[in-house]
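Reading through the structure tokens given below for one structure.
The values are calculated or read from the model by the stated rules, or taken from the named source; none is laboratory data. Note that the structure is a prediction, hence the values are computed from the model and not measured. So basically every Cβ, Gly included, is an ideal-geometry build from the backbone, and we count neighbours across all protein chains shown.
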Amino acid sequence: MSAADQIPTRAHLPGARILAGLALRAEAVAIPLAALLAGFAAFSLFLLVMGKSPAEFYGLVWKAGFSSAFSWQNTLSRVAPLVLAALCVALPARLGLVVIGGEGAIVLGGLAAAVTGTAVAGVPGYAGLILMALAAMAIGGFWIGAIGALRIRRGVNETISSLLMAYIAIALFNYFVEGPFRDPASLNKPSTAPLAEALRVGDMPWIAAHWGVVAGVLACLVSWVLIDRTTLGFAARIAGDNVRAAQVQGLPVARLVIGFTALGGAFAGLAGFFEVAAVHGSANASLIAGYGYTGILVAFLARHNPLAILPVAVLLGGFEASSGLIQRRMDLPDATILVFEGMVFVIILLSEALYGRFRIFTPAFWERR
Amino acid sequence: MTTFRNLDRRSFLGTTAAALGAAALGGLARPAQAAGDLSVGFIYVGPKDDFGYNQAHAEGAAAVKAMAGVTVLEEENVPESQDVQNTMESMINFDGATLLFPTSFGYFNPHILELAPKYQDVRFEHCGGLWAEGNPTNAGSYFGYIGMGQYLNGIAAGHATKSKKIGFVAAKPIPQVLNNINSFLLGARAVDPEITCQVIFTGEWSLAVKEAEATNALADQGCDVITCHVDGPKVVCETAVSRGAYVCGYHADQSPLAGDMYLTGAEWNWAGVYTDLVASFMAGEEIPNFLRGGLADGFIKMSPLGPAVSDAGRAQFEAVKAEIMAGGFAAIKGPLKDNAGNIIAADGEAFVETDVKLESMDYLVDGVMGSTS
């Protein structure tokens, strides 16, 4: 390296500054995309070992997940709970917390929505629905916010406590559904009383998927603005990077931790609300479907970026939508899609190590042209 | 290593090119299906080789598969959530299914009730649900009086037990399960009125660890014949046998798991039911929306008696079985109290197997140790 290289020079190439600015963003897209393709390649090898055709597999994933209006309906109907559950992981993650118990907030949110639904059956218009959603968000926010509070006030590891609290939430849910809030008419499947028709959330007019998808998109936008465009989010990111430095700066770390965990929990509670109001019509054991855990994968793949959560959730929803067709057409077990997702995810997580290793993605590379 | 046979480059290129070609032509290779075939979809909530509820249905599907002019589609491990609606729609839209058997209880309300009006040309046949007037007419529910099978299990158990304590591992205290527990004990009491039955609820349909713990707890308390009502009886069977207890099966034939310790078992006979239903569907006959049947109707059957059943046991078992086959048999009959002392049936009162009151049972009879809440 000669001395001349060290001297900052003006960009020679027209538009080099723009390229330089794009370089970092391009890195954030190119690396996961390349990892995704590498994951596809790795899984193709696995299929070949099983004696199956990779081309047929990817053709079916495309057909079932993305090829037609019906495929999109199938994919999008899985997206809403995934997006909201992923936010329950991503928001605390910006503060450096690994919260994996969103499932608890989902089931309790669903229970709160169902119970509120029977209480507000006479309330006119959308007010009843809004009350149900608020109840679900309040309990979800309290449940996950408590985990944040335990962390910051008592030093309890949030990963362990959120996981264990999810078991407690499910046990409470079962107790209330099979006990105090059980509809006596639900004989062989204990459930809360069915919601009135006015308190059901319908499908969007243009596709047969419920309004939870729109709520998920809005929640992601709100979270992105909060994290990337407000001082609050800036403070949270500082606390996430270096909690000592944040404290020295006088940032309200405790309130940030509790606030962000509670907001994440509120979104998970909202997922429970949509499951009850749009899908099940009452709270019962079918609500414990594991969305909270799949949400963890979505959030990590999106690197806790709320805007990236959307495409990742759509991709994942599409993969899962194809599971049935793959079972039926290729005679593969239902776990195939899990193996596929697992391989793709491990490779995407490994690709984290590649960030900053390619000069082509550094602004300096482009400024010097 | 036969599994690696397809790793060579030539066959890889071959299959890839062939599949790509098929994809390019717009039609991805469909399974061989003659034009005009009836497509029948079966949907299971768990794995189809669970030695239990789902396997019983999968055996029925296998029988349908052998019928001429029928293509069978199957999907396992489908949760009772939006997923099952997606699966049903996928079978209808991608595979042209016109007859569906979504077999888990929770698939009915709201999922089938929601989809049936949307697909008027498709018939939805659901296991276990209570189809009622006002529900879509292209949907129906079927189920079997399997409590009678547990009564016969109880007779075999009553002859085998030495400790006069028998055990029951149960999922949830709902009517269908309570009926099985009560029938099991009453069958055993038809042999010896001193027998008691300890019940443990696991709280979930499929929770292997708790099922093993419950079975061990029953064995620890001296129960020497154990049966169950959970989705997959495999864990209960194997644990009971390892503790030296006899086993009465449920849902499917578990004799391969329990060997000589297997007395008998209450099994579903979905092969018969499904081939009949598919045949009448193909013939365009009307299928009742609410369909129930018992031992005599071929909805349920008993596993062959195991070697541990004594001659006296065998004789009583066959005699009662003949009585049930003749119809009008009642396991719940007076004088009978529940285990809290309330009168269930007065002297002379009887609830025959077909009585709808049994479908809202909420008690455990005298002699069952356990609680519904």
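Brief remarks on what is shown
- The stretch A:110-158: number of residues that are crowded, with 18+ Cβ neighbours inside 10 Å and of a type in the set (Lys, Arg): 1
- B:Val365 being in the same structural domain as B:Val177 (by TED's automatic domain parsing), in contact with a strand residue (DSSP E or B) (Cβ under 7 Å, 6 or more places away or on another chain), of a type in the set (Val, Ile, Thr) and modelled with pLDDT of 95 or more: yes
Rundown of residues vs (1) out of contact with any Asp or Glu (no Cβ under 8 Å at 6 or more places or on another chain); (2) surrounded by fewer than 21 Cβ atoms within 10 Å (Cβ to Cβ); (3) among the hydrophobic types (A, V, I, L, M, F, W, C), yes/no style:
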position	(1), (2), (3)
B:Tyr145	no, no, no
B:Gln150	yes, no, no
B:Ala160	no, no, yes
B:Gln176	no, yes, no
B:Ser183	yes, no, no
B:Glu194	yes, yes, no
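- Check on A:Leu131, away from every other protein chain (no Cβ under 12 Å), closer than 30 Å to A:Ala236 by Cα and without any contact (Cβ under 8 Å) to a residue 60 or more places away in the chain: yes
- Residue, farthest from A:Ala335 (Cα to Cα), within the stretch B:85-97, restricted to residues that are more than 9 Å from every other protein chain (Cβ to nearest Cβ) and in contact with a helix residue (DSSP H, G or I) (Cβ under 8 Å, 6 or more places away or on another chain): B:Ala97
- On inspection, B:Lys172 does not qualify as among the charged types (D, E, K, R) and under 10 Å from B:Ala188 (Cβ atoms).
- Search result, residues across the stretch A:295-309 that are modelled with pLDDT of 90 or more and surrounded by fewer than 23 Cβ atoms within 10 Å (Cβ to Cβ): A:Ile296, A:His304, A:Asn305, A:Leu307, A:Ala308
- Test for B:Asp260: is it closer than 17 Å to B:Gly306 by Cβ and in contact with a strand residue (DSSP E or B) (Cβ under 8 Å, 6 or more places away or on another chain): no
- Taking the conditions (1) more than 9 Å from chain A (Cβ to nearest Cβ); (2) surrounded by fewer than 23 Cβ atoms within 10 Å (Cβ to Cβ); (3) of a type outside the set (S, T, N, Q); (4) touching a Gly at 6+ places or on another chain (Cβ under 6 Å) in turn, B:Glu125 satisfies each one other than (2).
- Members of the stretch A:294-313 found to be away from chain B (no Cβ under 13 Å) and closer than 25 Å to B:Pro110 by Cβ, listed by number: A:Gly295, A:Ala313
- Scanning the stretch A:199-232 for residues that are in contact (Cβ under 8 Å) with a residue 24 or more places away in the chain and surrounded by fewer than 14 Cβ atoms within 10 Å (Cβ to Cβ) yields A:Gly202, A:Leu221.
- Total residues in the stretch B:98-122 satisfying the condition of being away from chain A (no Cβ under 13 Å) and among the basic types (Lys, Arg): the figure is 0.
- Annotation: B:Gly140 fulfils all but one of (1) away from chain A (no Cβ under 14 Å); (2) over 15 Å from the mean Cα position of the chain (by Cα); (3) buried (at least 22 other Cβ atoms within 10 Å of the Cβ); the unmet one is (3).
- Residue identified as within 14 Å of chain B (Cβ to nearest Cβ), more than 18 Å from the chain's Cα centre (by Cα) and under 29 Å from A:Thr116 (Cα atoms) among A:Ala289, A:Ala283, A:Ala271: A:Ala283
- Among the candidates A:Gly265, A:Gly318, the residue that is under 19 Å from the mean Cα position of the chain (by Cα) and either within 12 Å of chain B (Cβ to nearest Cβ) or not in a helix (DSSP H, G or I) (or both) is uniquely A:Gly318.
- Among the residues of the stretch A:85-96, just one is at pLDDT below 95 and buried (at least 24 other Cβ atoms within 10 Å of the Cβ), namely A:Leu95.
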